[in-house]
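Following: one structure in structure tokens, then a few remarks.
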Amino acid sequence: MDLLETLIVLSEKAARIARLIRKDEHLFGLLVEQKDQDHANPRFFQDFKTLADVLIQQMIKHFLELKFPGIADRVRGEENNTFCNTLGDKITVDIKKTSEETADLLENVLNGDKKASLLLAEEVHRSIDMKDVNTKSFDDDTLELDVNQIGIWIDPIDSTAEYINASSDNSGERQSGLNCVTILIGVYSIESEESIMGVINQPFSNFEENCWTGECIWGVCFNSTSLSSLNIPATRTHVAYLSSSEDEDVKLQLRNMGYTIKEAAGAGNKILKVIKNQGDCYILSKSTTFKWDTCGPQAILRSLGGDIVTYTEAVCNRVISVKYPHDVGCEKDASNFGGLLAFRITDVLDDFVR
Ligand code: 2IP
Ligand code: CA
């Protein structure tokens, strides 16, 4: 289970970077720059958000490669690491051997902002381990997983709009805001194309004494092994989670089926609601999520007896699990074509497939 432990710890490093950027005044200023200065550096806002994403993705890739040499070629994510600063210089964001070297590279991307570069590099290189993560540990080391036969999808920050725009203390009813932000890491089998291991780190899960703490949830569903950090038994809630942009006719149909509809931001966040049995399903009728949004969360659902299937097929009575072909590219063809139906209890699937 070396791989699982590594992914959990790396998701926590990612969560710490995400929290640092929101907490540190200087870094947060860069993240929200455009909100205060309508005309100054219109690209900068977008660029710093992208830098946070790229940095987290590269950090995970870098430390995975150190632990499992050769794996980096099979690790992909939402971002690519060639980055343009505001002066139009192309820079490849990479993690270097030392914090100082990484800071130097970041300084180039950040137009000489030494303070920001040092803060970020220090967090990237900070050493942490399993005991620093709010999750359930495991003692099963019998999982035989050949790391040469797997691929990995990363969404470094899912629900980026909430990450940038949410106020910092929104800890109320969690349909929007920082709580919806997740870091998603998923492992799939190259041979079966199924998601087999997943980690969801929610960096802003709990707000107490003016401080956010996180939570990490994981699951493994491979050969005869089904393991998860969650042991909450599932019961029917008759709640369906949807995107706020979902079509009215889909909403109507669900209401007619007896579902209460709740809207929440973030694809990863909505699947997490189903994983935690706060809803029966997450329905998306459009092809607007990608492999990096679903690979990790799907493995956790599968480890708990659920799955994610293609929505437009399910409503035509065909059950087709979302798969992860190794040869898909990082852009359009990585989309989950035909939408999603994510569920934990098989009875829920029976509501749609008759
Ligand atoms: C987005 C994000 C959005 C979601 C969209 C994802 O990923 O999770 O919130 O839309 O599907 O691809 P919605 O919230 O309407 O479900 P990202 O934030 O990484 O771009
Ligand atoms: Ca996403």
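No value in this document is a laboratory result; all are computed from the given coordinates. Note that the structure is a prediction, hence the values are computed from the model and not measured. With ideal geometry, Cβ positions are generated from the backbone for all residues, glycine too; neighbour counts draw on all protein chains shown.
Counting other Cβ atoms within 10 Å, which GluC sites (Glu not before Pro) in the range 77-157 have at most 13 and lie in a DSSP loop? Before the final figure, lay out the partial values.
Numbers: sites: GLU78, GLU79, GLU100, GLU101, GLU107, GLU122, GLU123, GLU144; in loops: GLU78, GLU79, GLU144.
Of the GluC sites (Glu not before Pro), the ones in loops of the range 77-157 whose Cβ has at most 13 other Cβ atoms within 10 Å are GLU144.
Within a straight-line Cα-Cα reach of under 23 Å, LYS323 can be paired with the following lysines, leaving aside sequence neighbours fewer than 8 residues apart in one chain: LYS61, LYS270, LYS273, LYS276, LYS286, LYS291, LYS332. Helical content alone sets the calculated 222 nm signal of the chain at -11000 deg cm²/dmol, taking -39,500 (n - 2.57) per DSSP H segment of four or more residues and averaging over every residue. According to the calculation over all Cα-Cα pairs in the range 91-137, the P(r) per 5 Å bin from zero is 4, 24, 25, 16, 10, 10, 7, 3, 0 %. In straight-distance terms, cross-link reach from LYS67 covers every one of the lysines whose alpha-carbon lies under 21 Å from its own, apart from those fewer than eight places away in the same chain; here that gives LYS13, LYS96, LYS97, LYS131.
Using DSSP to call loops (not H, G, I, E or B), can you name the chymotrypsin sites (Phe, Trp or Tyr not before Pro) in the range 275-354 whose Cβ has at most 14 other Cβ atoms within 10 angstrom? Show your work: numbers first, answer last.
Details: sites: TYR282, PHE290, TRP292, TYR311, PHE337, PHE343, PHE352; in loops: PHE337.
Taking the range 275-354 and a limit of 14 other Cβ atoms within 10 Å, the loop chymotrypsin sites (Phe, Trp or Tyr not before Pro) found are PHE337.
Take the Cα radius of gyration of the range 201-354 and divide it by 2.2 N^0.38 Å, N being the number of residues; the result is 1.03.
For the range 211-284, calculate the relative contact order in percent as a whole number, restricting contacts to Cα pairs under 8 Å that are 6 or more residues apart. Mind showing how you got there, number by number?
Values: 89 pairs, mean separation 25.0, N = 74.
Computed value for the range 211-284: 34 percent relative contact order.
Kirkwood radius, the chain, all distinct C-alpha pairs, inverse of mean reciprocal distance: 20.6 Å. Counting every other Cβ atom within 10 Å of each residue's Cβ, PHE68, PHE48, PHE222 order from fewest to most as PHE68, PHE222, PHE48.
By the count of other C-beta atoms within 10 Å, a proxy for reagent exposure, ASP53, ASP146, ASP280 are ordered fewest to most as ASP146, ASP53, ASP280.
3J(HN,Hα) along the range 315-323: 6, 9, 6, 10, 9, 10, 5, 5, 10 Hz, from the Karplus curve 6.51 cos²θ - 1.76 cosθ + 1.60 with θ = phi - 60°, whole Hz, x for Gly and Pro. Using Cα centres only, tell me the gap between the range 287-354 and the range 196-238 in whole Å. Each part's Cα centre sits 18 Å from the other's. Fewest-first ordering of ILE164, ILE8, ILE56 by other beta carbons within 10 Å of each residue's beta carbon gives ILE164, ILE8, ILE56.
Computed from Cα atoms, the angle from the helix 42-67 axis to the main principal axis of the chain rounds to 80 degrees.
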